[in-house]
Structures are given as C-alpha cells and as structure tokens.
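What follows is calculated from the coordinates using simple rules that are stated; it is not laboratory data. Bear in mind the structure is a predicted one, so any value in this text is a computation, not a measurement. Here Cβ is always computed from backbone atoms with ideal geometry, including for glycine, and neighbour counts include all displayed protein chains.
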Amino acid sequence: MPRPADAAALARHLTDAGYTLDAVTDRIGATATAALARNTTLAARDVLADATDPQATCLRAFVLQDAVPTRDLAAAVGDLDALERAGLLDQQGGSARARVEIRPYASAGVHDETVAPGAGTGPGGAVDGWVVHDRIPTLDGRIAASRPDFVLGLSPASTALAQLTVRRPIGTALDLGTGCGVQALHLAGHAGRVVATDLNPRALDLAAWTTGLNGVDADLRLGSLYKPVSGERFDLIVTNPPFVMAPPSPERLVYREGSLPGDELMRRVVTDGAAHLAPGGILQVLGNWAVTEGGDPADRIRGWVAPTGCSALVLERERLDPYEYVEVWLADAGLVGTPHYGPRYRQWIDWFDGLGITGIGLGWIALYADAAGDITVESWPHAVHQPVGEAFAAHPAALALAHRSDADLLASHLVLDPRVDAETLGRPGAADPEHLVLRQRYGFGRAVEVDTGLAAVLGACDGDLPLGALIEAVAGLLDVDAAALAGEVVANVRDLAREGYVTLPVS
Ligand SMILES: C[S@@+](CC[C@H](N)C(=O)[O-])C[C@H]1O[C@@H](n2cnc3c(N)ncnc32)[C@H](O)[C@@H]1O
C-alpha cells in the first residue's frame, strides 16, 4: 500500500508533467486516443515521434509499456527509487519500465448535474485524475495470457456500472470487488464514506494508488463478498463482480471468474447484498446469469430477489449462446493463437452442457430496500440515454406513484416529463396518423403507442389540474363518455408512471 504522501507527491508530478486526460488528449488527438482505447499504440507513437518531454515520457512509460531512460522518467515523476520500492516500476541499467499502467481518467458521461457539487468527500461529483492497474498483456496484438491475480483497468463493464449507478448525496457506499478502484473514485464524489473490498490483495494495493493519486479517502478491505463488511449496512452498494461463468481451472482469472458453479456467485451477491442495505438503500449489480433448458431467466432472477423482500428493476441487455460467450472470454484471456485455445473451448462448452446452461444473459440488477417487493425483470437490448443512473434513481418514486389507488391517481397532479416526444406515423397526406408514439429522450429511452384520448390527457399533464379534471375536459372535447375514458386512462397512466413518463411535480 502506498504512503499517502508518496501518492500525493506522484500526483503532483503527473499534473506538472501535463499528464492529465485533457492535456494528453489535446496532444495526441482523437485518432490516437481511439487507437489506445482499442489497445494499439502505433497512432500515439506516430504523434509523439521522438519527443522526450515529461508528458511524452509518462505516456510511453505508463500506457505504451516502453522502457524509458531513467533520466527522463525521473525528470517527469521524481524519486524513481521510491516508486520501485512500491512495486510500480523496475530500473535496470539506464532505463526504467513501469510494472503497472497509470492512465489519465476523467468522468465524462458518468455523473449528471443532479449531484450536489462538493457532496461527500473527494473531488465533488466528478473525477479528473488517474487509475492504476496492471499492464494490458495483449497490447498491440501480443499473444499473452493474464496472470491469475491480474488487476483489470477500465473496461466497458466499469464504464457501464459507473453510468448506471444512482448518483445522489448519501452517507455510506460499498464498492464490492473494487479492482483498480474506479468505482470508489466515483462514489467518493457523492458518498460521505466509501468502503471498497476485494479478494485480491494486489487489487487493493493498486486501488490504494488510484485513490491516493486522486486524493480520495476510501476504506480498503481484503476479503470475499460481504465478509469484510459483516454486520454493516450501506445506502448504496455497487459491483460488477467476477461474473464470468467458467469451468474451474488452476489458471482462474480472479478479476473475472468466481470459484462457484454457474451464476451462483451472482446469486450470492444479490441475495446476501440485500442484508447490507440501509433502509431506502440500493444495490446495483452488473453481471451475467444462466439461461437453462426450458427455464425462464426472469423466473430465475425473481427467485433470487423475492426472498429479500426488496423491490427490483432488472434489465437483460444482451443474450449470448454458449459458443459466442466462450469465444469472447477466450479472447479476453489472451488465448487466441495459443495451443490452449481449442482444449479450453471444448472443456468450457462441455461444462455448460453438464450444467444445462443453454444461454447467458448480461444485464443490470437494481435492488431497492423498501417494503413494496415489486420486481420487474425485462429484456431491454435497446440504446439508453447515459448516464442511465437517473432512471434507476427515479424508480422507487415511480413505483410509489404506480401503486396509488385509482381514486388517488385521479386526484393526483401529474407532470408529463418534458423530454417525452410525440411521434406520428402514417401515410403522407392522411388526415389522421395511424400510430402515435411517445418516446423518452432520457433514461431507458422507452417508447409506447397511445391513442388520441390518452395523448390529449398526457399532453395536458403539467401539474396544474388533477388527472380526473383533465380526463373530464378531454372527454368533453372528444365527445366521449368521461367514465369510460377514465377507466382506460387510469390503467395506462399507472403503467406510464411505472416507466417514468409521468411523475408528481417537484415540490
Ligand atoms: C470485473 S472486476 C471489477 C473491477 C472494478 N469494480 C471495475 O469496475 O472495473 C471484479 C473484481 O472483483 C474481485 N473479486 C473476485 N472475486 C471476489 C470475491 N469473491 N469477493 C470480492 N471481490 C472479488 C476481483 O479481484 C476484481 O477486482
């Protein structure tokens, strides 16, 4: 673990070297930045040419994985002996080679403006700093397997989890399976106290560098699942646990694979997690679940959630067949082109067969510690509006509105979200559209077909008059029976409330 003073000193040097996300992106440009995101370095090398200034040296050492002259690196980051003692680099002869990546990182698209500036500890809602993690073994198309205790850097799953996390000022947050510490950084922006755990001691060491460099105070604890937080409760728990379902192997990659069969680790994360939620708390999980022969994955997940008594919103974003799935993760492990590829592929497919797993769902699970016990599990492979955490944050209030009695709904002053668009579809020149669709330009980006009466009522929902009065007015305009219209509208409005189209006015 780094001493806080060492991390702070390194952060100062990196800043002075211009080794920040904005400055580096300005220097290498969009093409090289995109190439680095694809794990190739040639475009960045072409831009840097033979530059040896501190910014270029940091980029070469900490991202391009080059050995650099010790003289240049010392000029950029200071005391190399201290960094060597801390395990961040090795020196040999006149050159130094980093043992980890230190990537400039900022939080664009992860937070939204609803986070109170300065809430909690840390940089106040946004992140602008660095993440420290293991070097990507397959950089530039190399064939190399990861070490079993490999500490993953930013992945699509990290970004997705950061974007779906509910961001609001809270007291306590838990980052379960922190890895390089990226979720802890974000949590520190809106939580008073952050606990981050991991089974892998190397992950905790690198997470300590990440949090230290960013000036974030996180309580880092070693241990499996919820053991390190026994008896503690949190307002928010976020995790993308090692959700990859893989056959047991001595080379198990701890960053992505658990040691339990099938999706048992995911089940425990969900069911055991509920007991660690404070009243009103939220558990958010990104992961995989098994689809079994003749089994409905929605029932499987309901089976996990129902005993907890929590409400839940579960979205399956993607479904893969076993062959696609195994190919993705064999490539991720760097086994393409190695002699291990074929035998591991066969073993993996046979293992799925033995467990009766015929497909794999990937998605998002949110558990809400409330008494409603209202569980929604749906397939939602469509594009969403990021950061989609806003939609997860709105769900408990949406449920409370949807659970109102008919009489209460008719007496409610509702507001149609201003970001709902009406789309009409029909033949050009026709008097009336054949279809009228309301589409959300926010959250999950849902769309729903409505009829003229419902559209007219919704269009008038600006919080001024109660729903019942709007229905009567529209019934008069359309010359239809008000009671019949009310019957249809209330049922539909209940569903629209659940999906976040209509809300109560903000008081
Ligand atoms: C997919 S990585 C996620 C890392 C990080 N949260 C992110 O968003 O990038 C999963 C992490 O869980 C850790 N892990 C694996 N098994 C665990 C367990 N049983 N309990 C806690 N953490 C575990 C791994 O070491 C790894 O750091």
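Brief remarks on what is shown
- Amide H partners (placed H, <5 Å) of V291, local residues excluded: T358, G359, I360, G361
- If you wrap the Cα atoms of the stretch 431-507 in a convex hull and average its projected area over all directions, you get 5.8 nm².
- Dipole of the chain, positive direction: furthest Cα of G445, A366, L335, with charges on the beta-carbon: L335
- Signed unit charges on C-beta, dipole axis of the chain, positive-most listed residue G153, L313, A394: G153
- Peptides 306-318, 393-405 ranked from most to least packed, by the mean per-residue count of other Cβ atoms within 10 Å: 306-318, 393-405.
- Figure legend: label point modelled 7 angstrom from the Cα of A145 along Cα→Cβ; residues of the stretch 246-263 with amide N under 13 Å from it are 249-254.
- Inter-centroid distance (Cα atoms) of the stretch 370-430 relative to the stretch 4-33, Å: 42 Å
- Label-to-label distance, nm, for residues given as A372 and Q347 (7 Å Cα→Cβ offset): 4.6 nm
- Relative packing of 39-45, 261-267, 281-287, which averages over residues the other C-beta atoms within 10 Å, highest first: 281-287, 261-267, 39-45
- Segment N39..L222, full-extension length gain: 62.9 nm, with 0.36 nm per residue of separation and the alpha-carbon distance subtracted.
- Label separation (A331 vs A447): 2.9 nm, computed from points 7 Å beyond Cα along the C-beta direction.
- Using a Förster distance of 56 Å, the FRET efficiency for T338-A430 (Cβ separation, nearest 0.05): 0.35
- Ordering of 155-164, 346-355 by packing [mean C-beta count within 10 Å, highest first]: 155-164, 346-355
- Viscosity 1.002 mPa s, 20 °C: Kirkwood-radius Stokes-Einstein D of the chain over Cα pairs, µm²/s: 85 µm²/s
- Measuring r between the beta carbons of S259 and T358 and using R0 = 25 Å, the FRET efficiency lands at 0.65.
- Contour excess over end-to-end distance, with Cα ends at A298 and A484 and 0.36 nm allotted per residue: 63.5 nm
- With the helix formula -39500 (n - 2.57) applied to DSSP H stretches of n ≥ 4, the chain reaches a computed 222 nm mean residue ellipticity of -11500 deg cm²/dmol.
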